[in-house]
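Below is one structure; the comments refer to it alone.
Values quoted throughout were computed directly from the atomic coordinates according to the rules given, and no laboratory measurement underlies them. Source: prediction; values computed, not measured. Cβ placement follows ideal geometry from the backbone for every residue including glycine, while neighbour counts extend to all protein chains displayed.
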Amino acid sequence: MGQNLRARLQRIKESGRRKEEPVPGGASTESNPASFHSKLLTANSSFFEAGFQTLKRTTLLDIPLPLPPVLPQTLPILIPDIRLAEQAELAVNPQDLLFFDLETTGLSGGAGTVAFLAAFGRFVEVNRVYKLQIDQYLLLDYPGEGDFLEAALAEFSPHKLIVSYNGKSFDSQILKTRCLMNALAPPVYAHADLLHPARRLWKRVLPDCSQATIETEIFGLDRTGDVPGSLAPEIWFNFLKNNDFAPLLGICDHNLRDIRGLAAIFISLCHIAANPLTVMDTYRVDAEQLALRWRDAGQNALRRGDNFGDEARRLGEALLELAIERGAARVAYVSALDLIRQGKADEGRKRLLVLIAGDSQALAGEVKCLALRQLAIDAEWRLRDHKTALAYTEAALVLENIRESLRHELETRRERLLSKSNQGLGGE
């Protein structure tokens, strides 16, 4: 089936080369002395033909944020995919990045969804200044999909790290499906998706974590006049029907802005990873999530035997303390547990006592319950004070919105403590 499809597409391409190209939408070229492509290319000279029913344009933009000459060693803390790329022996440098984004005929994927616009951005040096070069490939009609895909696939390289926003779940899956439908081998590449790193830092700071919201709210990038990406399918279908190229140009410009914004998010993550304390307010990050992320990375590095670095470890400790000062209850709880595990039980207990005595609104949810539970454990087994342990347990049980498994554990603990108290047991 794949070979038959390729043969049909080849015949279509050869037919198109022997005679004047058909107009998308079925309009006859006999009523148009100049070919549709000629009119289209004349209307926007930045495009040129890159294959059958496929156009290309290259745009050079200023970088929205200063680009660090070397990616910080701590960047994998925020973007774990970087570590996977390094483990695959890909030496990741700014010039090894390839920003990738698709515009498609559907927003939910599926075998019938076609990619009609592909954009690839890379950092290039121009007069000793880095710029963002964006190459876009535009599909004008279904018969040209084979050439469109081949042109796009030529951009991928095993030596490049692909960077996208939700690309692992959407763009790369669409590309893979369309390659298989056209009997083409899908590209193999290292892939860093910025969606989850962005959510960790900005989910509780912004109304949503769409790429456009992060660009405008965090970086102040101008999206005025931008065509919403949700209109891309409708605009392309209307183009096929009516040959109206102007709205399609709007989607192409939207696609440019997406690549520019993607680069801005990546660069900001580099700045945060390099100087988390000094740029925390600049980028309005969630101090709690950043501190916990850094703490987890340090502990994972210790377990693996990695050289996390004394400076990185000190930064992590400072981030924890700063987040606690800002009222991050979960960070205070995790920090207390760390102290207890390190054999500093009294320090950990003091931190838990400060935590449960704090603002009740800041302790909404399970954090206060977990802190009381830990104090109950400490009182029962370390201090051998069953009465105090029972008081902490009952205080935790009166809290609302506790998950059922935790409530069941606390009820079991209360029954055991009541039994111990009634029997006058002084030991375990």
Over all viewing directions the Cα convex hull of the chain casts an average projected area in nm² of 26.7 nm²
In debye, nearest 20: dipole of region 123-179 around its Cα centre with unit charges on the Cβ of K, R (+) and D, E (-)? 360 debye
Calculate the tail of P(r) for region 233-355: the fraction of all Cα-Cα distances greater than 25 Å, expressed in %. 47 percent
Between the alpha-carbon centers of region 362-424 and region 60-130, tell me the distance in whole angstrom. 49 Å
Just how far, in whole angstrom, is region 293-351 from region 199-264 if you go by their alpha carbon centroids? 39 Å
Averaging over all projection directions, find the projected area of the Cα convex hull of region 62-187 and quote it in nm² with one decimal place. 8.8 nm²
Using Cα atoms only, what is the angle between the long axis of helix 287-304 and the major principal axis of the chain, expressed in degrees (0 to 90) to the nearest 10? 80 degrees
Tell me, what does the Kirkwood hydrodynamic radius of region 276-428 come to in angstroms if you use every pair of distinct C-alpha atoms? 16.9 Å
Contact order normalised by residue count of the chain, Cα under 8 Å, 6+ apart, percent: 14 percent
Listed residues 303, 257, 326, most fluctuating in the chain (Gaussian network, C-alpha, under 10 Å): 303
Of the listed pairs 168/368; 56/203; 56/241, those with alpha carbons more than 27 Å apart are 168/368; 56/203
If I fit a long axis through the Cα atoms of helix 172-181 and take the longest principal axis of the Cα atoms of the chain, what angle between them do I get, 0 to 90°, rounded to 10? 40 degrees
Semi-axes of the equivalent ellipsoid of region 269-315: what are they in whole Å, largest first, if each equals the square root of 5 times a C-alpha gyration tensor eigenvalue? 21, 11, 8
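Eigenvalues of the Cα gyration tensor times 5, then square-rooted: what semi-axes does that give for region 113-192, in whole angstrom, largest first?
Values: eigenvalues 113, 46, 25 Å².
Largest first, region 113-192 gives 24, 15, 11 Å.
For region 172-309, what is one quarter of the convex hull surface built on the Cα atoms, given in nm²?
Numbers: hull surface 46.5 nm².
Dividing the Cα hull surface by four gives the mean projection, 11.6 nm².
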Calculated over region 330-404: convex hull of Cα atoms, volume per residue (Å³): 84 Å³
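Please give the calculated 222 nm ellipticity per residue for the chain, where each DSSP H segment of at least 4 residues contributes -39500 (n - 2.57) and the sum is spread over every residue; nearest 500 deg cm²/dmol? Provide the component values of the computation, followed by the final result.
Numbers: 18 runs with 215 residues, N = 428.
Computed ellipticity for the chain at 222 nm equals -15500 deg cm²/dmol.
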The alpha-carbon pair-distance distribution computed for region 41-108, with 5 angstrom bins and whole-percent values, is 3, 10, 14, 17, 13, 14, 14, 10, 4, 1
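Calculate the tail of P(r) for region 222-295: the fraction of all Cα-Cα distances greater than 14 Å, expressed in %.
Values: 1852 of 2701 pairs.
For region 222-295, the fraction of Cα-Cα distances above 14 Å is 69 percent.
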